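Student: Please see the structure below; I have some questions.
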Amino acid sequence: MKSNFLKIILTFSLLFASSLFAKEKVYKLKLATTWGPTAIPLIDAPKNMAAMVKKMSNGRLLIKVDASNKHKAPLGILDMVKGGQYDMGHSTSYFWKGKDIDTLPFTTMPFGMTALEQYAWFYNAGGMKLMQKAYAKHKVLSFPGGNTGVQMGGWFQKEIKTLNDLKGLKMRIPGFAGEIMAELGVLVTNLAPGELYTALERGTIDALEWVGPSMDIKMGFHKIASYYYTGWHEPGAETQYLVNKKSFNKLPKDLQEILIVAMRASAYDMFIQNYHLSGLALGKMLKEYPNIKIKAFPKEVMDGMKKANTLLREVVSKKSALLKEVLDHQESYLKQVRPWSEMSDYLYLRDNLTK
């Protein structure tokens, strides 16, 4: 008799618990990306993040990822998240420097921090706090979304031998690097990723920068431009997750934490995935496409870029107190950590280069 009673109680408890679980609310968010559906690994970051969130939340939080071919506004991610059309976005901050220059430094700055230095700055030296401060006016939260590492300096249809070779050149190059190139006489434009190949092929532009071997080779730029220059302008280009504050605050605390953890994990996954793919792609590029001429910019050109960078940083710093605060903070932190970067990575590579 007693045993039957306990069985009844146990059965009732299980039914009650399963009933509560079945009624647990499911939260759904929409995310827009700048990237097309085949832009690997850029598109992989938000997709992997959404998959992590679904698994960790046991299906309580679902995120639908829309590539740029779905929403048709690859450079409008901030506006769509800010306006509530989308709950989240995945893009890069320097795409909207014209709307809000304060967001510019959170992607990368020419001659600035490497990916590892920048991650250390974000998570250990106050960079995250400054990024949230910059985005607060938009009622949007921002989180690192995946780094491409040092980006190549771009594809050119002619060799760059002197500063004069840059004058009148039509080039797609975004961010602060575009300001530097414009200072040197380049006619700068910022085109969406899906427009780049056609623009270069048709002569709308003479040169462009995209990312690096892993992504560039898939775009086919080597078919229409032979000169491939090494990097200077994006030493650690970080993409960003944007989250509408209202959408975020509607989530229970545990789901907020799951979302934050998944964004951080997927960002690192994208960084190492891109590093791996670029290593493979470079080997293929060197072997299968002998027409590609990998070059470093001449000293005259690099010196001109550095001089323009110094002058323009002084100019833009006067446009916004917050921008100056961020740039000064980054510069101060770089002075602190760069000696270790030199001692560890640079000296190791210098003394152990593969021949």
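The values are calculated or read from the model by the stated rules, or taken from the named source; none is laboratory data. This one's a predicted model, so the numbers in the text were calculated from it and none came from an experiment. Neighbour counts are summed over all protein chains in view; Cβ atoms, including those assigned to glycine, are modelled from backbone coordinates with ideal geometry.
Student: Could you look through region 112-123, keep only residues that are of a type outside the set (A, V, I, L, M, F, W, C) and closer than 18 Å to D345 by Cβ, and pick out the one that is surrounded by the most Cβ atoms within 10 Å (Cβ to Cβ)?
Tutor: Q118
Student: Does region 281-298 contain any residue that is closer than 25 Å to G145 by Cβ and not aromatic (F, W, Y)? Write out each step before concluding.
Tutor: If we filter region 281-298 for residues that are closer than 25 Å to G145 by Cβ, which is where we start, we get 281-282.
After this cut, where a residue has to be not aromatic (F, W, Y) as well, the list is 281-282.
There is at least one residue in region 281-298 that is closer than 25 Å to G145 by Cβ and not aromatic (F, W, Y).
Student: Going residue by residue through region 257-273, is there one that turns out to be among the aliphatic types (A, V, I, L, M), over 26 Å from N58 (Cβ atoms) and in a helix (DSSP H, G or I)?
Tutor: Checking region 257-273: at least one residue is among the aliphatic types (A, V, I, L, M), over 26 Å from N58 (Cβ atoms) and in a helix (DSSP H, G or I).
Student: Pick out, from region 141-197, the strands (runs of 3 or more DSSP E) lying fully within it that include 1 or more residues that are among the hydroxyl-bearing types (S, T, Y) and either touching a strand residue (DSSP E or B) at 6+ places or on another chain (Cβ under 9 Å) or surrounded by fewer than 23 Cβ atoms within 10 Å (Cβ to Cβ) (or both). Working first, answer last.
Tutor: Working: elements: 154-156, 170-172, 187-189.
Once the strands (runs of 3 or more DSSP E) in region 141-197 are filtered for at least 1 residues that are among the hydroxyl-bearing types (S, T, Y) and either touching a strand residue (DSSP E or B) at 6+ places or on another chain (Cβ under 9 Å) or surrounded by fewer than 23 Cβ atoms within 10 Å (Cβ to Cβ) (or both), what remains is 187-189.
Student: Identify the single condition in (1) buried (at least 19 other Cβ atoms within 10 Å of the Cβ); (2) in a helix (DSSP H, G or I) that W210 does not satisfy, given that it satisfies every other one.
Tutor: For W210, the exception is condition (2).
Student: Can you find a residue in region 141-155 that is free of Cβ contacts under 8 Å to residues at least 24 places away in the same chain and under 29 Å from H329 (Cβ atoms)? Break it down into steps so the answer makes sense when it comes.
Tutor: As a first pass, look at region 141-155 and keep what is free of Cβ contacts under 8 Å to residues at least 24 places away in the same chain: none.
The answer is no; no qualifying residue exists.
Student: Please verify whether region 220-235 includes one or more residues that are small (G, A, S), assigned to a loop (DSSP other than H, G, I, E, B), under 19 Å from T108 (Cα atoms) and in contact (Cβ under 8 Å) with a residue 24 or more places away in the chain.
Tutor: Yes, region 220-235 contains at least one residue that is small (G, A, S), assigned to a loop (DSSP other than H, G, I, E, B), under 19 Å from T108 (Cα atoms) and in contact (Cβ under 8 Å) with a residue 24 or more places away in the chain.
Student: I would also like to ask the following. Of everything in region 97-111, what is surrounded by fewer than 20 Cβ atoms within 10 Å (Cβ to Cβ) and either among the charged types (D, E, K, R) or within 15 Å of the chain's Cα centre (by Cα) (or both)? Give them in sequence order.
Tutor: Within region 97-111, K99, D100 meet the criteria.
Student: Restricting to region 37-52, name every residue that is surrounded by fewer than 22 Cβ atoms within 10 Å (Cβ to Cβ), at pLDDT 95 or above and small (G, A, S).
Tutor: A50, A51
Student: Given the conditions (1) assigned by TED's automatic domain parsing to the domain that holds M80; (2) free of Cβ contacts under 8 Å to residues at least 24 places away in the same chain; (3) crowded, with 18+ Cβ neighbours inside 10 Å, which single one is not true for N249?
Tutor: Result: N249 fails condition (3) only.
Student: Next up: What about F111, is it among the aromatic types (F, W, Y), within 30 Å of A225 (Cα to Cα) and not assigned by TED's automatic domain parsing to the domain that holds L42?
Tutor: no
Student: For L277, indicate whether it is in contact with a Ser or Thr (Cβ under 8 Å, 6 or more places away or on another chain), over 19 Å from M113 (Cβ atoms) and surrounded by 12 or more Cβ atoms within 10 Å (Cβ to Cβ).
Tutor: On the way: in contact with a Ser or Thr (Cβ under 8 Å, 6 or more places away or on another chain): yes; over 19 Å from M113 (Cβ atoms): yes; surrounded by 12 or more Cβ atoms within 10 Å (Cβ to Cβ): yes.
Considered against the rule, which asks whether it is in contact with a Ser or Thr (Cβ under 8 Å, 6 or more places away or on another chain), over 19 Å from M113 (Cβ atoms) and surrounded by 12 or more Cβ atoms within 10 Å (Cβ to Cβ), L277 comes out as yes.
Student: For M49, indicate whether it is in contact with a helix residue (DSSP H, G or I) (Cβ under 8 Å, 6 or more places away or on another chain), farther than 21 Å from P193 by Cα and of a type in the set (A, V, I, L, M, F, W, C). Don't jump to the end; show me each part of the working.
Tutor: Details: in contact with a helix residue (DSSP H, G or I) (Cβ under 8 Å, 6 or more places away or on another chain): yes; farther than 21 Å from P193 by Cα: yes; of a type in the set (A, V, I, L, M, F, W, C): yes.
Yes: the conditions hold for M49.
Student: Output yes when any residue across region 224-245 is of a type outside the set (F, W, Y) and exposed (fewer than 13 other Cβ atoms within 10 Å of the Cβ), and no when none is. So that I can check it myself, show each step before the final result.
Tutor: Within region 224-245, the first condition is being of a type outside the set (F, W, Y), and the residues that meet it are 224-226, 230-231, 233-240, 242-245.
Checking the rest, the ones that are also exposed (fewer than 13 other Cβ atoms within 10 Å of the Cβ) come to none.
Within region 224-245 (the criterion being of a type outside the set (F, W, Y) and exposed (fewer than 13 other Cβ atoms within 10 Å of the Cβ)), the answer is no, since none of the residues qualifies.
Student: Regarding region 312-321, can at least one residue be identified that is in contact with a helix residue (DSSP H, G or I) (Cβ under 8 Å, 6 or more places away or on another chain), under 17 Å from L130 (Cβ atoms), part of a helix (DSSP H, G or I) and not aliphatic (A, V, I, L, M)? I'd like the intermediate steps shown before the answer.
Tutor: If we filter region 312-321 for residues that are in contact with a helix residue (DSSP H, G or I) (Cβ under 8 Å, 6 or more places away or on another chain), which is where we start, we get 312-313, 316-320.
With under 17 Å from L130 (Cβ atoms) added as a condition, the list becomes 313, 316-317, 319-320.
Now drop any that are not part of a helix (DSSP H, G or I), which leaves 313, 316-317.
Next, from what is left, pick out any that are not aliphatic (A, V, I, L, M): 313, 317.
There is at least one residue in region 312-321 that is in contact with a helix residue (DSSP H, G or I) (Cβ under 8 Å, 6 or more places away or on another chain), under 17 Å from L130 (Cβ atoms), part of a helix (DSSP H, G or I) and not aliphatic (A, V, I, L, M).
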